[in-house]
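Nothing in this text is a laboratory measurement; each read-out follows from the coordinates by a stated rule. Note that the coordinates shown come from a computational prediction; the quantities given were computed from them, not determined experimentally. Cβ: placed from backbone, ideal geometry, glycine included. Neighbour counts: every protein chain shown.
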Amino acid sequence: MTAGGADPAPAVEGARHRLTGAIRVGLPPEEAFRLFTPVGERDWVDGWDPRFPAPAEDDTAPGTAFETAAHGRVTTWVVTAREPGRTVSYARVTPGVHAGTVSVVLDGADGPGTRVTVTYELTALTEAAQDELRHFAAGYPDFLRSWKRAIDLALGL
């Protein structure tokens, strides 16, 4: 029994997914980094409007918390690590749906622009959310391609 008096939910087989993919962005890493910050994503993600419950002078500072709303749900995000121009990582929880991490690694060493590797590690929090997470996993390559199209459009490429 947990401290709150309720038993934890039993583990759901297949409820955890680790998804990794990469896109190329037509900017050097130092400039591309902003595209993957809470505020910078506003430039290319339709409807992205992070809400910061506390002032955030630097929206990528570890410990910075913010919320987003999409599909009728609120997701809470916390910046867990960052190296400006190189990497940024987030923890995220959508209550009753899924929880996990998102990491973005930028690398400009292998050609023009920046190779951006995005890894989602998500766990479904309920059995009902497991199918939704499987669907997200199956569409992950298309999801990243949509990022590429939106970023190119925002950059005028």
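Would a scan of the range 74-90 turn up a residue that is under 13 Å from Phe33 (Cα atoms), touching a Leu at 6+ places or on another chain (Cβ under 9 Å) and either among the small types (Gly, Ala, Ser) or not in a strand (DSSP E or B) (or both)?
Kept after step one, since they are under 13 Å from Phe33 (Cα atoms), are these residues of the range 74-90: 82-89.
Still in the list and also touching a Leu at 6+ places or on another chain (Cβ under 9 Å): 85-88.
Filter again for either among the small types (Gly, Ala, Ser) or not in a strand (DSSP E or B) (or both), leaving 85-86.
The answer is yes, given that some residue of the range 74-90 is under 13 Å from Phe33 (Cα atoms), touching a Leu at 6+ places or on another chain (Cβ under 9 Å) and either among the small types (Gly, Ala, Ser) or not in a strand (DSSP E or B) (or both).
Return the total of residues in the range 86-129 being loosely packed, with under 15 Cβ neighbours inside 10 Å and on the phi > 0 side of the Ramachandran plot.
2
Got at least one residue in the range 136-153 being over 18 Å from the mean Cα position of the chain (by Cα) and in a helix (DSSP H, G or I)? Give the derivation first.
Going through the range 136-153, the residues over 18 Å from the mean Cα position of the chain (by Cα) turn out to be 152-153.
Subset that is in a helix (DSSP H, G or I): 152-153.
Checking the range 136-153: at least one residue is over 18 Å from the mean Cα position of the chain (by Cα) and in a helix (DSSP H, G or I).
Can you tell me which residue in the range 32-58 is surrounded by the fewest Cβ atoms within 10 Å (Cβ to Cβ), limited to those that are closer than 20 Å to Thr117 by Cα and in contact with a strand residue (DSSP E or B) (Cβ under 8 Å, 6 or more places away or on another chain)?
Of all residues in the range 32-58, those closer than 20 Å to Thr117 by Cα come to 32-45.
Now drop any that are not in contact with a strand residue (DSSP E or B) (Cβ under 8 Å, 6 or more places away or on another chain), which leaves 32-33, 35-38.
On the way: Ala32: 23, Phe33: 24, Leu35: 22, Phe36: 24, Thr37: 20, Pro38: 22.
The selected residue is Thr37.
Given the structure, is Ala129 outside any helix (DSSP H, G or I), of a type outside the set (Ser, Thr, Tyr) and under 20 Å from Arg16 (Cβ atoms)?
On the way: outside any helix (DSSP H, G or I): no; of a type outside the set (Ser, Thr, Tyr): yes; under 20 Å from Arg16 (Cβ atoms): yes.
For Ala129, the condition - outside any helix (DSSP H, G or I), of a type outside the set (Ser, Thr, Tyr) and under 20 Å from Arg16 (Cβ atoms) - is not met.
Of the residues that make up the range 52-64, is at least one closer than 19 Å to Phe33 by Cβ and either part of a strand (DSSP E or B) or in contact with a helix residue (DSSP H, G or I) (Cβ under 6 Å, 6 or more places away or on another chain) (or both)?
No; the residues of the range 52-64 include none that is closer than 19 Å to Phe33 by Cβ and either part of a strand (DSSP E or B) or in contact with a helix residue (DSSP H, G or I) (Cβ under 6 Å, 6 or more places away or on another chain) (or both).
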